[in-house]
Structures are given as structure tokens and as C-alpha cells.
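Notes follow the structure.
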Amino acid sequence: MHIKDYLEKHGKRCDIAESGIGQVKEHRVERDFLSEIPADADCVIVLGGDGTMLQAARSTAYQDIPLIGVNLGTLGYLAEVEKTGVDDALRRLLAGDYETEERMMLFGDACDKHDYALNDIVITRRSAMTTINFDIYVNDLFLCNYHADGIVISTPTGSTGYSMSAGGPIVEPSANMILVTPICPHTLNSRSMVLSADTKIRIVIKEGRAESNQEVVAYFDGSGRIDMNTGDSIVIEKSNKITKIIKLNRVSFLEVLGKKFDK
């Protein structure tokens, strides 16, 4: 691999970790990268698109290691290095010519399991084509009841992902807040909400039609998952973990956004 050869040629060690499937284990969702990331690593170079970057962020949530993404996909907000610019990126990386940006993460706890998310935690139905009936509490105070296809709890980083597709606002990624956006709500007055980053959100799964059991799933960045049923609840709040992303280009978020929208 070119990147490995380049780094080793310049006196650096390069270990390769392959992406795998997350599994629930020991009360938490096992990290997606099955290979151990060395604790003394200077950074993690992520090859793929934004989805791979999200997996890497969850994998390194317990470690203070910055990420830099090489975009092998089509639309990359997190993976800013294009394939044609790899050598220049590696040169600047080795020279320390970069900035590090900190992004907030979410922590979700449900059914004696927990996990982290850089983009979002999405609660959606497991299989049946019916709406989900759930209550939302903010800082232990009842806020509202929703009948919807699901709900997206998002960070500013995730505002350009599923949250935006569901009608949520676009937020500058270095901001500090939590977005709550229902998915296809079955009411006319349901809107996305922007809450303080210090907010604790609790979502309680209610009974379905004719007091039936509702089977839902909480997805963490579309990868990790926790299954829930009627009567279960999930508590979501700002994590004490952060994701550090290496930035090589001093380009504003709005400029990047405009280029992506033109594609």
C-alpha cells in the first residue's frame, strides 16, 4: 500500500486496522475496527468515505488520537483529503503543518448497553411498517409525544447527514448543541428542535396500536445498534469523549458545503 510505504520510508511505523461489524458485548457495542489501534499512535489515517470516518471515530472514542480521512467515496464532509492529494497530505502531516478540530460526540444508554456517536443516534422501527409511538423527556421533564417513523438525535457534525434528510437544520460542525428531528412525523406541528449541549434527552417507547409491543432499534452512526421494545427507554446526552479531526485546508464550512451541494 502506497501510504504504508511512504510512511515507513520516512521513518514512521504504520499498522493497518480493518473495518468489521460491531457486536454488543459486555454491556456496550464492540468497536467496529477489530484490530487494536496502538495507544501511542500519532494519528489514524482513514481510507474511505464519511461512513468509514464515523466507524473510526467510534473505534477511537476511548483514545485521544486524531483522525484524518482520505476520501474514496463521492461526498465527503469529514474525509477531506482526495486521492490525488495523498502525498502532499502525508508530507504536511509529517511536518506538523496542520490544525486539529474538536467535534462533540453523543453518548446513548439503553437496556444496560451503551455506545458513542459522532454523527447521530437514530431510533427507528425494527421491521413492521408502522409508526413509532414514543415520549420525549428533556432534563427529566416531559416535552411531547410523537407518532413518527423514527427520530434523529444529532450533533452539529451530523447535521448534514440523516438529520438534514429528515428536515433538520444545517449547523456549523464546531458548534456545541444537540439537534432533535422527527422522521416523517404524523402531525402538522412537529418541527426539529435545537437544544443545549448540556441537555439530557430520554426517549420512552410506548405501546403500539391495540396495545401491541413495539420493536425499535437505536442505531449509532448507522453502525452500532441496540434493540428496544415497548417500555424500554434510551438516555442520550453529550459524551465526555470527543473526536479530533486533522484539518489541512483552511476552508470555511460554508465553502465546503457549497461545493458539495454543486455536485
Seminar exercise, completed: Here, Asp112 and Cys43, labelled 7 Å along Cα→Cβ, have an inter-label distance in nm of 4.2
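Hey, what D do you get for the range 195-239 in µm²/s if you plug the Kirkwood alpha-carbon radius into Stokes-Einstein at 37 °C and 0.692 mPa s? Provide the component values of the computation, followed by the final result.
Values: Rh = 11.9 Å.
In µm²/s, the coefficient is 276.
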Exercise. How much of Met1 can a 1.4 Å solvent probe reach, expressed as accessible area in Å² and rounded to 10?
Worked result: 120
Exercise. All other residues with a Cβ under 13 Å from the Cβ of Asp64 taken together, and with Lys, Arg as +1 and Asp, Glu as -1, what is their net charge?
Worked result: -1
Exercise. What would the Debye formula give as log10 I(q)/I(0) at q = 0.08, 0.10 Å⁻¹ for the alpha-carbon point model of the chain, no solvent?
Worked result: -0.34, -0.52
For this session: Based on the mean of other Cβ atoms within 10 Å per residue, sort peptides 107-116, 163-172 so the most packed one is first.
Result: 107-116, 163-172
For this session: Apply the Debye scattering formula to the range 31-165, with a single equal point scatterer on each alpha-carbon and no solvent, then give log10 I(q)/I(0) at q = 0.09 Å⁻¹.
Result: -0.36
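Using Cα pairs under 8 angstrom and six or more residues apart, how large is the relative contact order of the chain, in percent?
On the way: 585 pairs, mean separation 53.7, N = 263.
It comes to 20 percent, rounded to a whole number.
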Seminar exercise, completed: What the 10 Å binned alpha carbon P(r) of the range 89-211 shows, as percent of pairs per bin from 0, is 12, 39, 30, 10, 6, 2, 0
For this session: Using a 1.4 Å probe and counting only protein heavy atoms, arrange Tyr6, Tyr146, Tyr162, Tyr219 so the residue with the most accessible area comes first.
Result: Tyr162, Tyr219, Tyr6, Tyr146
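Quick one: which of 133-144, 117-128, 62-73, 174-185 comes out on top by average Cβ neighbours within 10 Å, and what's the full order, highest first?
Ranking the peptides 133-144, 117-128, 62-73, 174-185 by packing returns 117-128, 174-185, 62-73, 133-144.
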Exercise. What whole number of Å gives the distance from the Cα centroid of the range 93-165 to the Cα centroid of the range 54-70?
Worked result: 18
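The values are calculated or read from the model by the stated rules, or taken from the named source; none is laboratory data. All values reported here derive from a predicted model rather than from experimental measurement. Neighbour counts are summed over all protein chains in view; Cβ atoms, including those assigned to glycine, are modelled from backbone coordinates with ideal geometry. Just so you know, the surface numbers come from the protein's heavy atoms only, side chains and all, with ligands and any DNA or RNA stripped out. Shrake-Rupley method; radii C 1.70, N 1.55, O 1.52, S 1.80 Å.
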